[in-house]
Amino acid sequence: QVQLVESGGGLVQPGGSLRLSCAASRSIFSINVMGWYRQAPGKQRELVATITSGGSTNYAVSVKGRFTISRDNAKNTVYLQMNSLKPDDTAVYYCIGGTSAGTSWGQGTQVTVSS
(Lines give C-alpha, C1' and ligand atoms only; values in the text may rest on other atoms or scores of the structure.)
Protein backbone atom coordinates (compact mmCIF):
# COMPACT_ATOMS: atom_id res chain seq x y z
CA GLN A 1 0.00 0.00 0.00
CA VAL A 2 0.96 3.65 -0.31
CA GLN A 3 0.12 6.72 1.75
CA LEU A 4 -1.35 9.59 -0.28
CA VAL A 5 -1.62 13.23 0.79
CA GLU A 6 -3.61 15.76 -1.23
CA SER A 7 -3.07 19.51 -1.26
CA GLY A 8 -4.03 22.55 -3.29
CA GLY A 9 -7.73 22.81 -2.56
CA GLY A 10 -9.45 26.05 -1.61
CA LEU A 11 -12.01 28.64 -2.54
CA VAL A 12 -12.07 29.91 -6.12
CA GLN A 13 -14.48 31.99 -8.17
CA PRO A 14 -16.36 30.49 -11.13
CA GLY A 15 -14.12 30.46 -14.17
CA GLY A 16 -10.99 30.24 -12.05
CA SER A 17 -8.32 27.57 -11.80
CA LEU A 18 -6.75 25.36 -9.16
CA ARG A 19 -4.07 22.69 -9.24
CA LEU A 20 -4.38 19.78 -6.86
CA SER A 21 -1.34 17.73 -5.88
CA CYS A 22 -1.19 14.20 -4.52
CA ALA A 23 2.11 13.24 -2.88
CA ALA A 24 2.83 9.55 -2.40
CA SER A 25 4.87 8.03 0.42
CA ARG A 26 6.91 5.94 -1.99
CA SER A 27 7.71 5.64 -5.65
CA ILE A 28 4.66 5.73 -7.89
CA PHE A 29 6.55 4.23 -10.80
CA SER A 30 4.99 0.83 -10.20
CA ILE A 31 1.51 2.05 -9.30
CA ASN A 32 -0.67 0.90 -12.16
CA VAL A 33 -3.35 3.55 -11.95
CA MET A 34 -3.56 6.83 -10.09
CA GLY A 35 -6.45 9.20 -10.17
CA TRP A 36 -8.91 11.55 -8.59
CA TYR A 37 -12.42 11.06 -7.28
CA ARG A 38 -14.73 13.69 -5.82
CA GLN A 39 -17.73 13.74 -3.56
CA ALA A 40 -20.14 16.64 -3.33
CA PRO A 41 -22.51 17.06 -0.37
CA GLY A 42 -25.43 14.66 -0.64
CA LYS A 43 -24.00 12.95 -3.72
CA GLN A 44 -22.14 9.72 -4.39
CA ARG A 45 -18.41 9.70 -4.90
CA GLU A 46 -17.59 9.91 -8.60
CA LEU A 47 -14.55 9.34 -10.75
CA VAL A 48 -12.94 12.51 -12.09
CA ALA A 49 -9.81 11.35 -13.90
CA THR A 50 -7.26 8.55 -14.00
CA ILE A 51 -3.77 8.07 -15.39
CA THR A 52 -1.97 4.79 -15.90
CA SER A 53 1.70 4.03 -15.39
CA GLY A 54 2.05 4.29 -19.16
CA GLY A 55 0.50 7.75 -19.21
CA SER A 56 -2.93 6.90 -20.61
CA THR A 57 -5.63 9.17 -19.25
CA ASN A 58 -9.37 8.97 -18.76
CA TYR A 59 -11.80 11.72 -17.75
CA ALA A 60 -15.38 12.06 -16.63
CA VAL A 61 -17.51 13.66 -19.32
CA SER A 62 -18.30 16.56 -17.00
CA VAL A 63 -14.64 17.62 -16.72
CA LYS A 64 -13.23 16.66 -20.12
CA GLY A 65 -11.57 19.63 -21.77
CA ARG A 66 -11.33 21.55 -18.49
CA PHE A 67 -9.28 19.26 -16.22
CA THR A 68 -5.90 17.68 -16.91
CA ILE A 69 -4.33 14.87 -14.92
CA SER A 70 -0.59 14.29 -14.96
CA ARG A 71 2.02 12.39 -12.99
CA ASP A 72 5.64 13.13 -12.13
CA ASN A 73 7.28 9.82 -11.24
CA ALA A 74 10.48 11.58 -10.15
CA LYS A 75 8.54 13.55 -7.53
CA ASN A 76 6.13 10.72 -6.64
CA THR A 77 3.29 13.15 -7.29
CA VAL A 78 0.10 13.24 -9.32
CA TYR A 79 -1.55 16.51 -10.30
CA LEU A 80 -5.00 17.63 -11.32
CA GLN A 81 -5.07 20.94 -13.15
CA MET A 82 -8.60 22.32 -13.02
CA ASN A 83 -9.57 25.20 -15.30
CA SER A 84 -12.86 26.96 -16.03
CA LEU A 85 -14.20 25.83 -12.69
CA LYS A 86 -17.94 25.78 -12.10
CA PRO A 87 -20.00 25.74 -8.90
CA ASP A 88 -20.89 22.11 -9.72
CA ASP A 89 -17.20 21.24 -9.28
CA THR A 90 -17.51 21.98 -5.56
CA ALA A 91 -16.60 18.78 -3.70
CA VAL A 92 -14.02 17.01 -1.62
CA TYR A 93 -11.41 15.65 -4.02
CA TYR A 94 -9.67 12.37 -3.21
CA CYS A 95 -6.51 10.93 -4.69
CA ILE A 96 -6.30 7.18 -5.31
CA GLY A 97 -3.53 4.78 -6.16
CA GLY A 98 -4.28 1.30 -7.45
CA THR A 99 -1.92 -1.68 -7.44
CA SER A 100 -2.38 -5.46 -7.43
CA ALA A 101 -2.40 -5.26 -3.62
CA GLY A 102 -5.38 -2.96 -3.53
CA THR A 103 -6.40 0.69 -3.71
CA SER A 104 -5.15 3.44 -1.43
CA TRP A 105 -7.07 6.66 -0.77
CA GLY A 106 -5.95 10.04 0.45
CA GLN A 107 -7.80 12.01 3.12
CA GLY A 108 -9.26 14.48 0.64
CA THR A 109 -9.01 18.19 -0.05
CA GLN A 110 -11.95 20.59 -0.26
CA VAL A 111 -12.58 22.55 -3.46
CA THR A 112 -15.24 25.26 -3.31
CA VAL A 113 -16.27 27.20 -6.39
CA SER A 114 -18.32 30.22 -5.45
CA SER A 115 -18.58 33.93 -6.07
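What the chain shows is 51 Å² of accessible area per residue, with the surface traced by a 1.4 Å probe over protein heavy atoms. Note on Lys86: lysines with a C-alpha under 28 Å away, same-chain residues under 8 apart excluded, are Lys43, Lys64.
To put it simply, the accessible area of segment 1-56 at a 1.4 Å probe is 50 percent carbon and sulfur.
The values are calculated or read from the model by the stated rules, or taken from the named source; none is laboratory data. None of these values were measured; they are calculated from a predicted model. Quick note on the areas: whole protein, heavy atoms, side chains included, nothing else; ligands and nucleic acids left out. Shrake-Rupley method; radii C 1.70, N 1.55, O 1.52, S 1.80 Å.
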